[in-house]
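The values are calculated or read from the model by the stated rules, or taken from the named source; none is laboratory data. On a predicted model such as this, the values are computed, not experimentally measured, just so you know. Here Cβ is always computed from backbone atoms with ideal geometry, including for glycine, and neighbour counts include all displayed protein chains. The area values use the complete protein model at the heavy-atom level, side chains included, leaving out ligands, DNA and RNA. Shrake-Rupley method; radii C 1.70, N 1.55, O 1.52, S 1.80 Å.
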Amino acid sequence: MAARAAGFETRSPFAVAGYARFFKSWLRWPSLAARLQILYLGRPLMSPAVIFQQLVRQTRRFVRAYKKLHDNVARDVNAAIKVVAARPAIGERKKGDLAELLVYKFHSQNQLYLLSYSIDEAVYLVYLEAIGSHENFYRDLKHS
């Protein structure tokens, strides 16, 4: 008899009775790698929360700026972070002194906000560097 990990079926997830539950959770997984682990292994290697924590890290500068945002702007920032976590190459690569940064632009409350981040491709991490409106954004990034 094959040993089973707690909470996981040894058969394919499509063969179990809870197909609808599996399909709903499939849509919530943040990365394609996690989906492929389920298809080929029949079970995930990590929970979705752990995978998401490995993808995105925040710098102290970002956290300080994020705390000062209003709730409705913070919701839009959270949506932008999810977009960046899903597709890290979506941002625009900067030139010159800020060549290591990418910037994702989005609108909130009829104002343009910029989310700057860097990517560590060796361990597939996204580092959130700064958030703010366009006014003096790049100047402040150069000084820090």
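Observations on the model:
- Scanning segment 94-104 for residues that are at pLDDT 95 or above and open to solvent by 20 Å² or more (accessible area, probe 1.4 Å) yields one hit, 104.
- Residue 144 meets each of the listed conditions (1) surrounded by 11 or more Cβ atoms within 10 Å (Cβ to Cβ); (2) in contact with a strand residue (DSSP E or B) (Cβ under 9 Å, 6 or more places away or on another chain) apart from (1).
- Scope segment 78-93; condition open to solvent by 50 Å² or more (accessible area, probe 1.4 Å) and not in a loop (DSSP other than H, G, I, E, B); matching residues: 78, 79, 82, 83, 86, 89, 90, 92, 93
- Residues within segment 54-77 that are open to solvent by less than 50 Å² (accessible area, probe 1.4 Å) and modelled with pLDDT under 90, tallied: 2
- Of all residues in segment 112-133, those satisfying the criterion of being open to solvent by less than 20 Å² (accessible area, probe 1.4 Å) and touching a residue at least 60 places away in the same chain (Cβ under 8 Å) are 126, 128, 130, 131, 132.
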